[in-house]
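> Take a look at this one; I'll ask things after.
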């Protein structure tokens, strides 16, 4: 049931409005707002670009750091090459050590992934339900704060050759803030808010997802060349810069699509609401709710 205090948005309304005039009914728009669709596509494009840099950067940097531990007397071109050029395999002993390097780098990468993914599972149980009470901007900004923490931790670790365990600080913060799961949830919910519940919404969601995919593909390829030419520091700075630019766009340009004057539900009810949505018929919860999940 729609909130009586919320009026349906109109196509003739300005793109950016004052906070007190944000009056869009989530998921009930009759026309697509092209300007806002392009804006959320830009936001996901920047996020996809930052994520595309991070993946190859971390895998190659961890390999290099462990190579430096196992081969302390080897010559390294000042962290400017990928792991394929770090160490020359001359003996069987070197081959075994390279296997150890690869194993340690893979294990740490897995541990960092778990440090993000496990907290993010529990965080998103709450954020998914509360997005209809606190708004979509809240989701975007929450996730970006955690992502900036992770990116700045990465830059500092690479710049000053810090202990690799410092990465857990950034990854843990990213997970507690929902990680990319929250970002995509916010992006798709925002898109649903500004499109009619018809085939147009499907096309709009495809456009938003395509923006993210284009950024990931293009920058993932470019990152390898950047690492080979300029080392690991500059790509990490570029990654952090994209995330900061993303946060700036969200804070200054992105309008809210949800009124935040509704009574907030309890955390238990929020979790049950998410489980009802996932399991469809598994649980029955009677809580006041309006909008899209």
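> Could you pull out the residue among 170, 213 that is closer than 30 Å to residue 105 by Cβ, under 19 Å from the mean Cα position of the chain (by Cα) and without any contact (Cβ under 8 Å) to a residue 60 or more places away in the chain?
Criteria check complete, one pass: 170.
> From 158, 118, which residue is modelled with pLDDT of 95 or more, surrounded by 14 or more Cβ atoms within 10 Å (Cβ to Cβ) and either farther than 22 Å from residue 250 by Cα or touching a helix residue (DSSP H, G or I) at 6+ places or on another chain (Cβ under 8 Å) (or both)?
Testing whether each residue is modelled with pLDDT of 95 or more, surrounded by 14 or more Cβ atoms within 10 Å (Cβ to Cβ) and either farther than 22 Å from residue 250 by Cα or touching a helix residue (DSSP H, G or I) at 6+ places or on another chain (Cβ under 8 Å) (or both) leaves just 158.
> Of all residues in segment 147-165, count the ones that are farther than 12 Å from residue 115 by Cβ and in a helix (DSSP H, G or I).
Summing the residues that are farther than 12 Å from residue 115 by Cβ and in a helix (DSSP H, G or I) in segment 147-165 gives 13.
> Within the bounds of segment 64-71, is there any residue that is at pLDDT 70 or above, closer than 16 Å to residue 159 by Cα and crowded, with 17+ Cβ neighbours inside 10 Å?
The answer is yes, given that some residue of segment 64-71 is at pLDDT 70 or above, closer than 16 Å to residue 159 by Cα and crowded, with 17+ Cβ neighbours inside 10 Å.
> Is it the case, given these coordinates, that residue 218 is in contact with a helix residue (DSSP H, G or I) (Cβ under 9 Å, 6 or more places away or on another chain) and crowded, with 19+ Cβ neighbours inside 10 Å?
Spelling it out, it is not the case that residue 218 is in contact with a helix residue (DSSP H, G or I) (Cβ under 9 Å, 6 or more places away or on another chain) and crowded, with 19+ Cβ neighbours inside 10 Å.
> Of everything in segment 166-177, what is part of a helix (DSSP H, G or I) and closer than 21 Å to residue 45 by Cβ? Give them in sequence order.
Result: 174, single match.
> So if I check each of 6, 53, 43, which one is surrounded by 15 or more Cβ atoms within 10 Å (Cβ to Cβ), out of contact with any strand residue (DSSP E or B) (no Cβ under 7 Å at 6 or more places or on another chain), within 30 Å of residue 201 (Cα to Cα) and modelled with pLDDT under 50?
So the residue among 6, 53, 43 that is surrounded by 15 or more Cβ atoms within 10 Å (Cβ to Cβ), out of contact with any strand residue (DSSP E or B) (no Cβ under 7 Å at 6 or more places or on another chain), within 30 Å of residue 201 (Cα to Cα) and modelled with pLDDT under 50 is 6.
The values are calculated or read from the model by the stated rules, or taken from the named source; none is laboratory data. Values in this document were obtained by computation on a predicted structure and should not be read as measured data. A quick note on method: Cβ atoms are made from the backbone with ideal geometry, for glycine too, and the neighbour counts reach across all protein chains shown.
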